[in-house]
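Peer 1: The following block contains the structure, expressed as structure tokens.
The values are calculated or read from the model by the stated rules, or taken from the named source; none is laboratory data. This is a predicted model, so every value here is computed, not measured. Note that each Cβ is placed from the backbone with ideal geometry, even for glycine, and that neighbours are counted across all protein chains shown. What goes into the accessible areas is simple: the full protein's heavy atoms, side chains included, and nothing from ligands, DNA or RNA. Shrake-Rupley method; radii C 1.70, N 1.55, O 1.52, S 1.80 Å.
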Amino acid sequence: MKTSYTLHFSAALAKIKAEGRYRYFQELERKAGQFPSALHYRETTSTPITVWCSNDYLGMGQHPAVLAAMHTALDQCGAGAGGTRNISGTTLYHVALEKELAAVHSKESALIFSSGYVANETTLSTIAKLLPECVIFSDAKNHASMIHGIRESGVEKVIFRHNDTAHLEELLQQYPENRAKMIVFESVYSMEGDIAPVAEICALAKKYHAFTYLDEVHAVGMYGAEGGGIAQQKGVQQEVSLIQGTLGKAYGVVGGYIAADEAVVDYVRSAASGFIFTTAIPPAIAAGALASVRHLRQSSLERAQQQQNASRLKHLLEQAGLPVMVGESHIVPLMVGDAVRCKAISDALLYDYNIYVQPINYPTVPKGTERLRFTPSPTHTEAMMQELVTALKTVFAERAEEKKTA
């Protein structure tokens, strides 16, 4: 029996579906050693597909060294950590991983969280509250986790135009020199595929005595000599006050982290509820992440091949006259601009061509900027790219004709 409360939720869901932005979860079976090939489950059958929207950017989720490390830790420690980090949940793998993450970012210390989202929300809300009369300068396109962390902190917030250093400086000039300031931004913006002027922002932070909080989740493992991200690539790691990253994208596992001066990290460890009251990630996850970070510190083969494939795909899409949003990063967005049409194109690709790319709709992106986002990996082949572009040309043309006759 539906109560009056349930009816509210049903009505809200009906509205979301009518707007074309209901989120459907495709049931997949990833195949270790064969990715980006996977199986898509459709009622009573399963169909081989090619996945084009995974954030396992480098295929490290199937790397033999990562799998072996996880098997060893699972046999050695069991499934779970057994508690929060403070109460029996810290193992040798957690400690070793935090040391490795600090080293890759040239920082004194690091701290692991259950996810990148939790790392951002928890850390930002915790450290901003401590700083006297802190004002946060936030990029207009920052991730939801950063926005929520800033909001939870309760401090004053000023938004600067996306990647606009002139606007940022104009805003910084309006505040007294002795007031605590924090500049919060990302290095790679995953929905646009563009890269922040990290060195220029660091220079402004130095000039105006600001603390820099840099989200590198889409860059760690992907850029820099050791996979330390854009800050490492640009040679400004030491200029960034705090780097936040994830273990769930290029490193192929799950979890988030921060890296900074020891006092900063230790304060978060000691005061942040989102860290203190959360069960630690399983030892096998920490072991797999550790193996992945260590491998990508030594090997640039995976990121070089990935960058080559990303560049190749952008070129093919441009040649085909498709609305690709060309940026500097490894992310390849294709603009659609309508939620219903975006879902229809995604469905056609999946069910007619066995190509899977998830539609990106509001609230992830603003209404009217709905898009498909492709993430070519080192294991996508030239044949896969040609098949994708051919299918996209056909599907985009069909949807354009449907729009004319509607």
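Peer 1: Eight or more residues apart or on different chains, and alpha-carbon atoms under 30 Å: count the Lys pairs in the range 1-133 matching that.
Peer 2: Step by step, the pairs that qualify in the range 1-133 add up to 5.
Peer 1: Now for a separate question. Just the accessible area per residue of the range 48-198, please: how many Å² with a 1.4 Å probe?
Peer 2: 41
Peer 1: Under a 5 Å amide H to amide H cut-off, with H placed in plane at 1.01 Å, what residues pair with residue 256 once short-range neighbours are removed?
Peer 2: Close amide H contacts, sequence-distant or interchain: 113, 114, 115, 116, 247.
Peer 1: Determine which lysines satisfy two conditions relative to residue 206: a Cα distance under 17 Å, and not lying fewer than 8 residues away in the same chain.
Peer 2: Straight-line reach from residue 206, under 17 Å: 181, 234.
Peer 1: Students often get this wrong: which residues of the range 354-390 have the backbone nitrogen under 19 Å from the point 7 angstrom along Cα-to-C-beta of residue 161?
Peer 2: Those under the cut-off are 366.
Peer 1: Show the residues, 5+ positions off or on another chain, whose built amide H is closer than 5 Å to the amide H of residue 139.
Peer 2: Here the answer is 160, 184, since their amide H atoms fall under 5 Å of that of residue 139.
Peer 1: Full-extension gain between residue 199 and residue 41, please, as 0.36 nm times their residue separation minus the C-alpha to C-alpha distance.
Peer 2: That pair, residue 199 and residue 41, stretches by 52.3 nm at full extension.
Peer 1: While we're on this one: In percent, how large is the relative contact order of the range 143-206, given Cα pairs closer than 8 Å and 6 or more residues apart?
Peer 2: 24
Peer 1: May I ask you to compute the full-extension gain from residue 87 to residue 393, defined as 0.36 nm times their residue separation minus their alpha-carbon distance, rounded to one decimal in nm? Write out the running numbers ahead of the final one.
Peer 2: On the way: separation 306, 0.36 × 306 = 110.16 nm, distance 5.58 nm.
Contour length minus Cα-Cα distance gives 104.6 nm.
Peer 1: How long are the semi-axes of the equivalent ellipsoid of the range 113-225, defined as square roots of 5 times the Cα gyration tensor eigenvalues? Whole Å, largest first.
Peer 2: 21, 18, 12
Peer 1: Then there is this: Run the numbers for residue 351 and residue 14: contour at 0.36 nm per residue of separation, minus the present Cα-Cα distance, in nm.
Peer 2: Numbers: separation 337, 0.36 × 337 = 121.32 nm, distance 2.41 nm.
Full-extension gain reported as 118.9 nm.
Peer 1: Within the chain, which is the longest segment that contains none of the chymotrypsin sites (Phe, Trp or Tyr not before Pro) sitting in a DSSP loop with at most 13 other Cβ atoms within 10 Å? Numbers along the way, then the final one.
Peer 2: Details: sites that count: 24, 25, 277.
So the longest stretch without any such site is 26-276.
Peer 1: How would you classify the range 106-165 from its alpha-carbon gyration tensor, with a ≥ b ≥ c the square roots of the eigenvalues: rounded for a/c under 1.5, else prolate if a/b is greater than b/c, otherwise oblate?
Peer 2: prolate
Peer 1: In nanometres, what is the gap between the two model label sites at residue 31 and residue 225, each 7 Å from Cα along Cα-to-Cβ?
Peer 2: That separation, rounded to one decimal, is 4.0 nm.
Peer 1: While we're here: So which GluC sites (Glu not before Pro) in the range 152-218 end up in coil per DSSP with only 15 or fewer other C-beta atoms within 10 Å?
Peer 2: Values: sites: 152, 156, 169, 170, 177, 186, 192, 200, 216; in loops: 177, 192, 216.
Answer in residue order: 177.
Peer 1: Tell me whether the range 149-193 comes out rounded, prolate or oblate; compute the Cα gyration tensor, take square roots of the eigenvalues as a ≥ b ≥ c, and use a/c under 1.5 as the rounded threshold. Don't jump to the answer; show the numbers that get you there.
Peer 2: Numbers: a/c = 2.66, a/b = 1.34, b/c = 1.98.
In terms of gyration-tensor shape, oblate.
Peer 1: Counting other Cβ atoms within 10 Å, which GluC sites (Glu not before Pro) in the range 298-406 have at most 13 and lie in a DSSP loop?
Peer 2: 328
Peer 1: Tally up the carbon and sulfur contribution to the accessible surface of the chain as a whole percent, 1.4 Å probe, everything protein left in place.
Peer 2: Its accessible area is 53 percent carbon and sulfur atoms.
Peer 1: Would you give the gap between the C-alpha center of the range 275-326 and the C-alpha center of the range 62-103, rounded to a whole Å?
Peer 2: If you average the Cα positions of each part, the centres end up 21 Å apart.
Peer 1: So for the chain: antiparallel DSSP bridges make up what percent, rounded to the nearest 5?
Peer 2: Around 60 percent of the beta bridges assigned by DSSP in the chain are antiparallel ones.
Peer 1: For n ≥ 4 DSSP H runs only, could you compute -39500 (n - 2.57) per run for the chain, divide by its residues and tell me the 222 nm figure to the nearest 500? Each step should come with its number before you reach the end.
Peer 2: Numbers: 14 runs with 177 residues, N = 406.
Counting only the DSSP helices, I get -13500 deg cm²/dmol.
Peer 1: Could I ask something else about it? Just how far, in whole angstrom, is the range 1-52 from the range 152-198 if you go by their alpha carbon centroids?
Peer 2: 36
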